[in-house]
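Asks: Take this structure, written in structure tokens, and hold onto it; I'll ask about it next.
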Amino acid sequence: MATLAFRLAGDGTARLDPSYVLNGGYAGRDIEQAQHHIDELAELGIPGPATIPTLYPLARLLAVQGDHVQVPHGRTSGEAEWALLVPADATSPDDYLVTAACDHTDRALEVHGVAWSKQSAPDFLGDVAWRWGDVRDTFDSFTLRAWVTNDGVEQLIQDGSPALLLSPDYWIERLAQAGRLQPGTVVMSGTIPMLPGIDQFADAWRVELAAPDKTVSRVGYTVEVLPPAWD
């Protein structure tokens with residue numbers, strides 16, 4: 001398991017050894033927006049949850065940084081998100097970090113179980129992170145966007161902001177009550193709606209979380225479909 005490294009907005013660096021990964025789901029701040037994502041997945045044959053928001057605990061090895069993912073077939077895709085990180089030296093939630101993220105998911109497996117599908121592909125994390133205490137009051141004004149590349153052509157597929165999602169403070173409060181904010185914890189936010197008519201089963205994904213001052217945290221990776229099994 002690799003240590004994750006981040007450049008801090010403003011100055012400095014931070015490192016994180018993941019201990020737990022918790023993926024939020026159906027986490028739109030607006031219930032109608034959350035239902036929109038449920039409807040998007042229903043079009044792929046993926047059943048909706050009994051309650052929202054949901055939370056999926058994942059293996060820590062799924063929190064990665066990199067530029068490439070290998071997948072078993074052509075029906076996998078990403079989701080633009082932010083991630084909340086709990087550094088080992090954090091003394092309060094103000095010391096937690098937020099960064100860009102992309103939750104890559106096996107959509108074919110998701111039809112049989114969302115929790116299973118989340119275990120099948122990595123959560124990519126960004127290169128730049130902000131201290132939560134520094135951006136708490138402005139985080140809703142950040143932008144969150146994703147692009148996909150198909151046959152060499154890049155297209156915008158998600159365009160929104162953290163204001164569409166439950167805030168980091170929501171998850172901090174809920175998870176603290178449950179005793180789940182251990183050092184090394186990575187919390188994925190859930191995603192924003194996709195634009196209609198764009199092929200999400202792409203050759204590459206790129207996500208940007210950008211602050212009003214133009215500081216940007218980036219994720220970018222290509223998708224390689226592996227040969228079929230010899231069975």
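Asks: Out of 48, 28, which single residue is of a type outside the set (S, T, N, Q), touching a His at 6+ places or on another chain (Cβ under 8 Å) and more than 21 Å from residue 199 (Cα to Cα)?
Replies: 28
Asks: So which strands (runs of 3 or more DSSP E) are wholly in segment 116-231 and hold at least 1 residues that are within 27 Å of residue 60 (Cβ to Cβ), of a type in the set (Gly, Ala, Ser) and within 14 Å of the chain's Cα centre (by Cα)?
Replies: Hits in segment 116-231: 123-131, 143-150, 216-225.
Asks: Taking interchain pairs and intrachain pairs at least six residues apart, which have beta carbon atoms under 8 angstrom, with the first residue in segment 14-36 and within 20 Å of residue 166 (Cα to Cα) and modelled with pLDDT of 85 or more and the second surrounded by 15 or more Cβ atoms within 10 Å (Cβ to Cβ) and acidic (Asp, Glu)?
Replies: Cβ pairs passing all conditions: 21/123; 23/103; 23/123.
For (1) touching a residue at least 12 places away in the same chain (Cβ under 8 Å); (2) under 29 Å from residue 11 (Cβ atoms); (3) surrounded by fewer than 21 Cβ atoms within 10 Å (Cβ to Cβ), each residue gets a yes or a no:
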position: 112; (1), (2), (3): no, no, yes
position: 118; (1), (2), (3): yes, no, no
position: 138; (1), (2), (3): yes, yes, yes
position: 158; (1), (2), (3): yes, no, no
position: 190; (1), (2), (3): yes, no, no
position: 197; (1), (2), (3): no, no, yes
position: 211; (1), (2), (3): yes, yes, yes
position: 223; (1), (2), (3): yes, no, no
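Asks: Looking at 91, 99, can you tell me which residue is among the hydroxyl-bearing types (Ser, Thr, Tyr) and surrounded by 24 or more Cβ atoms within 10 Å (Cβ to Cβ)?
Replies: The conditions single out 99.
Asks: Is there a residue being crowded, with 18+ Cβ neighbours inside 10 Å, hydroxyl-bearing (Ser, Thr, Tyr) and outside any strand (DSSP E or B) anywhere in segment 41-53?
Replies: No, segment 41-53 contains no residue that is crowded, with 18+ Cβ neighbours inside 10 Å, hydroxyl-bearing (Ser, Thr, Tyr) and outside any strand (DSSP E or B).
Asks: Starting from segment 48-73, take each residue that is within 22 Å of residue 15 (Cβ to Cβ) and list its partners that are at pLDDT 95 or above and part of a loop (DSSP other than H, G, I, E, B), counting only C-beta distances under 6 angstrom and pairs at least six apart or across chains.
Replies: 60/18; 60/19; 62/122; 63/18; 64/122
Asks: Could you grab me the full set of residues in segment 192-231 that are closer than 24 Å to residue 130 by Cα, β-branched (Val, Ile, Thr) and at pLDDT 95 or above?
Replies: Correct list: 207, 215, 216, 219.
The values are calculated or read from the model by the stated rules, or taken from the named source; none is laboratory data. Given the structure is predicted, the values throughout are model-derived calculations rather than measurements. Neighbour counts are summed over all protein chains in view; Cβ atoms, including those assigned to glycine, are modelled from backbone coordinates with ideal geometry.
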